[in-house]
Amino acid sequence: MAFYEALAVPDCVILLAEDSFRSKLVIRNTADFISELDKILIGWTSECNNEWRYLRTLCKTELFSGKVLESQACLREKKVMELVEFLRSKEGRVVNLGELVFATVFNMLSNVMISKDMVNLEKETEEDGGMKSLIRGIIEVDISDFYPILGKFDLQGLHKKSIDLMTKIRSKWEAILDERRNSRESGSSSQHDFLETLLDNGFTNDRIHHQENWSSLLECSIYNKFPFNPVKELLSAGTDTSTSTIEWAMAELIKNVESMKKVQDELETKLSESDYPKESQLLQMSYVQACVKETLRLHPPAPLLLPHHAIETCQVINYTIPKDAQILVNVWAIGRDPLIWEEPEMFRPQRFLSSGMDFKGNDFEFLPSGTGRRICQACPWLQ
């Protein structure tokens, strides 16, 4: 049997590896759950409709194009150096690296989105509004996400908690929006960030009116303060996935002394004449790049990717995928499949040194960012 077989329905492409179909695919019928997600999020929406295409295009051109990423390189380098200097000031003391990376990545993104830091490296302050805690709470995994039948019981108390957290976050963002709107009205706004782009494209406090053919669902109450929704989604998803990957990479390097030494040697060689590292130099570091890929293979930040949606009943091998089924692709299992990878449980970055494999969705053995139209938009950020 071929290594993989593609299931193609208009909005969905999934990979099925040999006889391990059951371990790679989870299906559930969640039409009601999906319809609610369609109303509020970019990434989780089940259909590639006009709204989705417009938001994806806006994000691609204003956030993740090569030109934009290059223009923002100095900002990211500055935030990394702030982290390095902070760690130097804490030499000899215990620090929570995960929290520091979270704050650094969050501030990178928040500066792109709204031109300001949102969290403090040292500790949460009143000015931060507890943003780290709020975002951590919002992205906490609920068992009902995977077993919808349990949703009405709120076993973990996360539904109530999320309502409280969202209220606090909305209050914070409404203040930011009001401040920006006042600046625009007075003609004193000089920001060129994503929030400015949203407002320029007709995203208002009340509803979206940029395109006349947008469906009526966008005018429902859940879209009040709409600029908050795409910004919140991009901030929370981008921060969590990047932080998770960096934490796992550090953990694997600490456990693998030989790999750590190779990374250190490469950094010393490539950065020997630099006052501080530049993003452009990272592309010249083949072993560092291999370590990133190996980390993503072993610890994909979204182990089941985002849900796909079968908009029609279809047959794959001997399985029937019913209409409206939600499909979860287990890329964690694919990345550890012994039929694909030699010593799959071992951290071996060298496996990628002689391979042209990347995370752009073209290599079905390695899909940390997904593939096709639903691939993670922030793939260029990984590079």
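The numbers here are math on the coordinates, done by the rules we state, and not lab data. This is a predicted model, so every value here is computed, not measured. Note that each Cβ is placed from the backbone with ideal geometry, even for glycine, and that neighbours are counted across all protein chains shown.
Candidate cross-link partners of LYS160 among the lysines, defined by an alpha-carbon separation under 18 Å and a same-chain spacing of 8 or more, comprise LYS152, LYS168.
Using r as the Cβ-Cβ distance of PHE86 and THR320, and R0 as 45 Å, what FRET efficiency do you calculate, to the nearest 0.05?
0.25
Listed by chain and number, the lysines placed with their C-alpha closer than 30 angstrom to that of LYS255 are LYS24, LYS78, LYS79, LYS90, LYS123, LYS132, LYS270, LYS278, LYS293, LYS360; residues fewer than eight positions away on the same chain are left out. Highest average first, the peptides 353-362, 292-301 ordered by how many other beta carbon atoms sit within 10 Å of their residues are 292-301, 353-362. Label-to-label distance, LYS160 versus SER274, with points set 7 angstrom from Cα along the beta-carbon direction: 5.0 nm.
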